[in-house]
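In what follows, a single structure is set out as structure tokens and then discussed.
The values are calculated or read from the model by the stated rules, or taken from the named source; none is laboratory data. Values in this document were obtained by computation on a predicted structure and should not be read as measured data. Methodologically, a virtual Cβ is constructed for each residue, glycine included, from the backbone with ideal geometry; neighbour enumeration extends over all protein chains shown.
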């Protein structure tokens, strides 16, 4: 199974100003694609931190996805840091200028210095188009560099997943049990011991004073999932399942 | 300034099943306390990964906050991994049993093996009470180990922040400008060059087709903040500020 990590770049996430939703959006898509998301790291807009974290993750994982820091302002330093990280020159590329220009009324005439910053792409990197803003992300080695604004990030993800090979996706079945987690956890452990291959997660919830647990079974084999699901269903004898 | 990192532990976050909100909740409180949040890491329920990440972060930062994996089920392995990480025995502690028992109708008589798992605390660690579930978190060295369920996590955070010294908090002022980011970014860069001490973030937004930028200024000195804010206000000549 291919592995991945997501790097969310931005002081606004670490200060609590902005709730990151990009990693959750991409996490769901990676599950469908059968790619194992191993870690999410949220780091600041700091050149040397970006460089070292991207370098580590790029070496350790099959895919790395970054979000944030590729806009037109002084605090947008991701492209520069990643170009450095791979020892590649960052240049204003014609193909990126074309994409950007299409987004403005007067085309290239509207491209001031700030906007041209968004056309600075590492040499040899592949562009990631987006239909929202024109400004492209890029792919260098196994690193997918995308925007932080959720609408643009999501548009870029939609663009890249078309090209990503699907592995066997991990499927899930959820059993909802209206008992406290501590009343069922011993039986659950037996299931976990019996079916070591299946990932069995236990997530307590409270709903208007009613306590319950969602048991999430994950595996690539739907028949095996259904077998264990039905065994649990009989065992826990609960009518509420989803 | 003291530094911190947050470690979110849980397969359910990495699979996209659950949107993490705990790190955002705590991030806001750390800003108020004048503690610099340097990184958030989301990692799986995996013994050796928890151990190595907690070990790294505990060495590198003043405070480490973890969320998740201290419930009663087989996939709750955080307490064990962190005890290992600090080479400390994990034992069922009387003080933790007392806290747990208070939460059940028949007190200690209701404590089955699964529930007693939640009283397993590293020797010498300080307990973190919570008013929601009874089951405590704990503090070992500079690591604060808390629950994943948001209501319980938040109750635990409220418990620990009482004891945390406040440093000079980082204050912020936000200027809302209804122009495209690329139209103001050169002037913004001049401000960033002129006031290197101040963190100046630029966050584009789109609201019913209107494009704008929120400029967030951050510094501990309110007078300096106000000075730069007013200078920008005159310069950008915009009526909409917050």
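Of the residues B:66, B:88, only one is closer than 25 Å to residue B:44 by Cα and in contact with a helix residue (DSSP H, G or I) (Cβ under 7 Å, 6 or more places away or on another chain); which?
On the way: B:88 fails: in contact with a helix residue (DSSP H, G or I) (Cβ under 7 Å, 6 or more places away or on another chain).
One residue alone meets the criteria, B:66.
Counting residues in the range A:85-92 that are touching a residue at least 24 places away in the same chain (Cβ under 8 Å), surrounded by 18 or more Cβ atoms within 10 Å (Cβ to Cβ) and within 13 Å of chain B (Cβ to nearest Cβ) gives zero.
Would you check which residues across the range A:171-207 are in a helix (DSSP H, G or I) and surrounded by 14 or more Cβ atoms within 10 Å (Cβ to Cβ) and list them? First the steps, then the outcome.
Restricting attention to the range A:171-207, the residues satisfying the condition of being in a helix (DSSP H, G or I) are A:181-194.
Selection gives A:181, A:182, A:183, A:184, A:185, A:186, A:188, A:189, A:191, A:192.
Just to be sure before I move on: is residue B:167 in contact (Cβ under 8 Å) with a residue 12 or more places away in the chain and surrounded by 19 or more Cβ atoms within 10 Å (Cβ to Cβ) in the structure I sent?
Judged against the criteria, residue B:167 is not a match.
Annotation: of all residues in the range B:135-149 being closer than 27 Å to residue B:107 by Cβ, in contact with a strand residue (DSSP E or B) (Cβ under 8 Å, 6 or more places away or on another chain) and in a loop (DSSP other than H, G, I, E, B), the one that is farthest from the other protein chains (Cβ to nearest Cβ) is B:136. From A:127, A:175, A:116, which residue is more than 21 Å from residue B:184 (Cβ to Cβ) and at pLDDT below 95? Among A:127, A:175, A:116, only A:175 is more than 21 Å from residue B:184 (Cβ to Cβ) and at pLDDT below 95.
All of A:210, A:222, A:217 fail the test of being surrounded by 14 or more Cβ atoms within 10 Å (Cβ to Cβ) and either farther than 28 Å from residue A:13 by Cβ or at pLDDT 95 or above (or both), apart from A:217.
Taking the conditions exactly as written (touching a strand residue (DSSP E or B) at 6+ places or on another chain (Cβ under 8 Å), within 20 Å of residue B:31 (Cβ to Cβ) and away from chain A (no Cβ under 11 Å)), does residue B:233 satisfy them or not? Let's see the steps before the verdict.
Values: touching a strand residue (DSSP E or B) at 6+ places or on another chain (Cβ under 8 Å): yes; within 20 Å of residue B:31 (Cβ to Cβ): no; away from chain A (no Cβ under 11 Å): yes.
No, not satisfied.
Flag: residue B:33 matches the condition of being more than 7 Å from chain A (Cβ to nearest Cβ), in contact with a helix residue (DSSP H, G or I) (Cβ under 7 Å, 6 or more places away or on another chain) and over 23 Å from residue B:135 (Cα atoms).
Would you say residue A:235 is in contact (Cβ under 8 Å) with a residue 40 or more places away in the chain and either surrounded by 15 or more Cβ atoms within 10 Å (Cβ to Cβ) or farther than 30 Å from residue B:67 by Cβ (or both)? It would help to see each step written out before you state the result.
Working: in contact (Cβ under 8 Å) with a residue 40 or more places away in the chain: yes; either surrounded by 15 or more Cβ atoms within 10 Å (Cβ to Cβ) or farther than 30 Å from residue B:67 by Cβ (or both): yes.
Considered against the rule, which asks whether it is in contact (Cβ under 8 Å) with a residue 40 or more places away in the chain and either surrounded by 15 or more Cβ atoms within 10 Å (Cβ to Cβ) or farther than 30 Å from residue B:67 by Cβ (or both), residue A:235 comes out as yes.
Scan the range A:150-173 and give yes if some residue there is closer than 30 Å to residue B:108 by Cβ and touching a helix residue (DSSP H, G or I) at 6+ places or on another chain (Cβ under 9 Å), otherwise no. Break it down into steps so the answer makes sense when it comes.
The first filter runs over the range A:150-173 and keeps only residues closer than 30 Å to residue B:108 by Cβ, leaving none.
Looking through the range A:150-173, none of the residues is closer than 30 Å to residue B:108 by Cβ and touching a helix residue (DSSP H, G or I) at 6+ places or on another chain (Cβ under 9 Å).
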